[in-house]
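Peer 1: Before I ask anything, here is the structure I am working with.
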Amino acid sequence: MSRQEAKSEYLAKYRYPRNQFLRGLLRGGIGFLAKILTDYKVYGTENLPKKGPLLIVGNHFHFLDSIGPIHSTKYPLEFIGDAEMPNAPMSVKLFPRLWDTLRIMQGTPNLAALRAAEAVLAQDGVLGIFPEGHVHKPPLGTPLPGAAFMALRLGVPILPIGTFSEDDWNIFGTLREKGRKTRVVSRIGTPFGPLAIGEPGKLPGRDEVKAAGQVIMEKIASLLPASARGPYTADLS
């Protein structure tokens with residue numbers, strides 16, 4: 001199959017936006033639960049572009065961080081994420097399946113996922129990805145190459161969103177122990193990029209991917225509390 005044929009196949013398979021009814025129900029449920037169970041604040045909505053193509057990047061300190069881009073924007077979002085989620089509880093694994101996220105396998109070339117992402121963004125879509133690739137406790141760590149490679153390869157604007165809960169999303173524990181709702185903040189940064197590597201169609205090299213990953217993580221870090229930034233503390237503006 002030629003590259004053009006593959007592109008046409010993926011454009012047909014991933015017609016943007018997809019699954020709007022079910023995703024609308026999920027978004028509504030997230031908004032309702034966020035309102036009654038958390039003290040959720042969103043800052044920086046003035047930075048939201050009116051339309052795509054757009055690559056949203058964010059931190060992943062908790063399984064529930066994935067609702068940050070959903071709750072703080074109104075875009076018909078596509079997500080790309082880990083297909084296996086080995087450490088996630090079953091209740092959490094259900095949500096990506098219902099949302100029908102684009103799934104990748106860690107440690108593989110993921111050509112199919114890249115082509116699906118290309119198809120979404122070619123239709124002025126909005127795609128969310130967590131550069132670190134897995135859930136972990138703060139602070140930020142080293143990103144996997146996927147988000148940086150995608151940003152370089154696809155050449156679209158990038159929007160950082162930092163989501164942080166000072167209570168580690170311990171919703172019922174915070175109510176019981178502190179007598180208040182769990183505090184959550186999503187900060188929407190200023191769009192940046194596209195990150196370019198020069199010659200159109202050129203595959204980015206390892207050093208270019210590493211440099212792009214550093215830029216992406218610094219943008220995310222600038223939206224988080226100092227204690228959660230990890231090594232990304234220099235020149236944050």
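Peer 1: Looking for whichever is within 19 Å of His60 (Cα to Cα), modelled with pLDDT under 95 and assigned to a loop (DSSP other than H, G, I, E, B) here; the options are Pro194, Pro143. Which one fits?
Peer 2: Working: Pro194 fails: within 19 Å of His60 (Cα to Cα).
After ruling out the rest, the residue left standing is Pro143.
Peer 1: Which residues, counting only those in the stretch 108-155, are surrounded by 24 or more Cβ atoms within 10 Å (Cβ to Cβ) and acidic (Asp, Glu)?
Peer 2: Residues satisfying the conditions do not exist here.
Peer 1: Give the residue that is farthest from the chain's Cα centre (by Cα), with candidates limited to residues of the stretch 156-184 that are at positive phi and surrounded by fewer than 16 Cβ atoms within 10 Å (Cβ to Cβ). Write out each step before concluding.
Peer 2: Here is the first cut: in the stretch 156-184, the ones at positive phi are 168-169, 179.
This time we only want the ones that are surrounded by fewer than 16 Cβ atoms within 10 Å (Cβ to Cβ), so: 168, 179.
Values: Asp168: 19, Gly179: 31 Å.
Among residues in the stretch 156-184 that are at positive phi and surrounded by fewer than 16 Cβ atoms within 10 Å (Cβ to Cβ), the one farthest from the chain's Cα centre (by Cα) is Gly179.
The values are calculated or read from the model by the stated rules, or taken from the named source; none is laboratory data. Predicted, not measured: the structure shown is a model, and the values here were computed from it. Heads up, the Cβs are rebuilt from the backbone with ideal geometry, glycines too, and the neighbour counts pull from every protein chain shown.
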